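Novice: This is the structure I want to talk about, given as structure tokens.
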Amino acid sequence: MPTLVELERDALACTRCPLAAGRTNVVFGVGDPDADLMFVGEGPGRDEDLKAEPFVGRSGQFLDRVMLEEMGISRDRGVYIANVVKCRPPGNRDPEPHEIASCRPFLEQQVAIIKPKVIVTLGNFATRLLLDTTEGISKLRGRAYPYGDAVLVPTYHPSAALRSGGAGEVTAGMRADLVRAKEHLC
Ligand code: URA
């Protein structure tokens, strides 16, 4: 098993899929390598591609807010944040199955090295990949699942919550899921 630093070095040089050609930066992941809590999103957007850090744009600010309000946690302590794909899909399109498959070993090794207690998957792509299902997030969320030695708590992607102004049913569901995730951290 590589160290997280070695794995990141591999990712920074990765050309396994066509997303490599369009990236400004590889957005490997950020946070505490000993984190008990890990968030997994879909893929970098424009802001993330420019800053080489996941969830730094609008949906990231929203994620930070609900994380703090529902869990009393901020991203700078005990949290690691990564994405399914590490390079920005052009125009923020959905990642393609072959891009997800190429990048999957990076995410799986990040989880294996960090060994979080709780993994919160944000939206369909992360949830379907880690639970190995084609079911949608609305059906999958609302409960916790075993994932190796960890517990996986699926929730909506913050951008879905933002589409209803950050105050609708999706946001309420996301808040409830984060409360559930916190219960599993103790
Ligand atoms: N959306 C994601 O899924 N990941 C990010 O890092 C930013 C936005």
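Throughout, read-outs are computed from the coordinates displayed, never taken from laboratory work. Quantities reported herein were computed from a predicted structural model and do not represent experimental measurements. Virtual Cβ from ideal backbone geometry, glycine too; neighbours counted across all protein chains shown.
Novice: Would you tally the residues in the stretch 135-148 being out of contact with any helix residue (DSSP H, G or I) (no Cβ under 9 Å at 6 or more places or on another chain) and not in a helix (DSSP H, G or I)?
Specialist: Residues flagged as out of contact with any helix residue (DSSP H, G or I) (no Cβ under 9 Å at 6 or more places or on another chain) and not in a helix (DSSP H, G or I) within the stretch 135-148 amount to 1.
Novice: May I ask you to list the residues in the stretch 65-85 that are among the β-branched types (Val, Ile, Thr) and more than 10 Å from the ligand (Cβ to nearest atom)?
Specialist: Answer for the stretch 65-85, where residues must be among the β-branched types (Val, Ile, Thr) and more than 10 Å from the ligand (Cβ to nearest atom): Val66, Ile73, Val79.
Novice: Taking the conditions exactly as written (aromatic (Phe, Trp, Tyr), within 12 Å of the ligand (Cβ to nearest atom) and farther than 22 Å from Gly173 by Cα), does Phe62 satisfy them or not?
Specialist: Spelling it out, it is not the case that Phe62 is aromatic (Phe, Trp, Tyr), within 12 Å of the ligand (Cβ to nearest atom) and farther than 22 Å from Gly173 by Cα.
Novice: When you look at Leu63, is it in contact (Cβ under 8 Å) with a residue 12 or more places away in the chain, under 12 Å from Phe28 (Cβ atoms) and crowded, with 17+ Cβ neighbours inside 10 Å, yes or no?
Specialist: For Leu63, the condition - in contact (Cβ under 8 Å) with a residue 12 or more places away in the chain, under 12 Å from Phe28 (Cβ atoms) and crowded, with 17+ Cβ neighbours inside 10 Å - is not met.
Novice: Further, regarding this structure: Please go through (1) away from the ligand (no atom under 12 Å from the Cβ); (2) out of contact with any strand residue (DSSP E or B) (no Cβ under 9 Å at 6 or more places or on another chain); (3) not aromatic (Phe, Trp, Tyr) for Gly45 and return the number of the only condition it doesn't satisfy.
Specialist: (1)
Novice: It is to be established whether one or more residues within the stretch 1-18 are within 16 Å of the ligand (Cβ to nearest atom), in a helix (DSSP H, G or I), over 26 Å from Gly165 (Cβ atoms) and more than 17 Å from the chain's Cα centre (by Cα).
Specialist: For the stretch 1-18, residues within 16 Å of the ligand (Cβ to nearest atom), in a helix (DSSP H, G or I), over 26 Å from Gly165 (Cβ atoms) and more than 17 Å from the chain's Cα centre (by Cα): absent.
Novice: Now, a different point. Go through the stretch 141-170 and give me each residue that's farther than 26 Å from Ile113 by Cα and free of Cβ contacts under 8 Å to residues at least 24 places away in the same chain.
Specialist: Selection gives Arg163, Ser164, Gly165, Ala167, Gly168, Glu169, Val170.
Novice: Another question, then. For the stretch 66-81, state whether one or more residues are more than 20 Å from His184 (Cβ to Cβ) and either under 14 Å from the mean Cα position of the chain (by Cα) or not in a loop (DSSP other than H, G, I, E, B) (or both).
Specialist: No: the stretch 66-81 contains no residue that is more than 20 Å from His184 (Cβ to Cβ) and either under 14 Å from the mean Cα position of the chain (by Cα) or not in a loop (DSSP other than H, G, I, E, B) (or both).
One line per residue, one yes/no per condition, for (1) touching a His at 6+ places or on another chain (Cβ under 6 Å); (2) of a type in the set (A, V, I, L, M); (3) buried (at least 21 other Cβ atoms within 10 Å of the Cβ):
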residue	(1), (2), (3)
Val118	yes, yes, yes
Thr155	no, no, yes
Pro158	no, no, yes
Ser164	no, no, no
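Novice: Pick out the one residue from Val170, Val151 that is over 16 Å from the mean Cα position of the chain (by Cα) and either over 16 Å from Leu63 (Cβ atoms) or assigned to a helix (DSSP H, G or I) (or both).
Specialist: Sole residue among the options that is over 16 Å from the mean Cα position of the chain (by Cα) and either over 16 Å from Leu63 (Cβ atoms) or assigned to a helix (DSSP H, G or I) (or both): Val170.
Novice: OK, next. For the stretch 86-110, which positions are in contact with a helix residue (DSSP H, G or I) (Cβ under 8 Å, 6 or more places away or on another chain) and either in a loop (DSSP other than H, G, I, E, B) or away from the ligand (no atom under 16 Å from the Cβ) (or both)?
Specialist: Matches in the stretch 86-110: Lys86, Cys87, Arg88, Pro89, Asp94, Pro95, Gln109.
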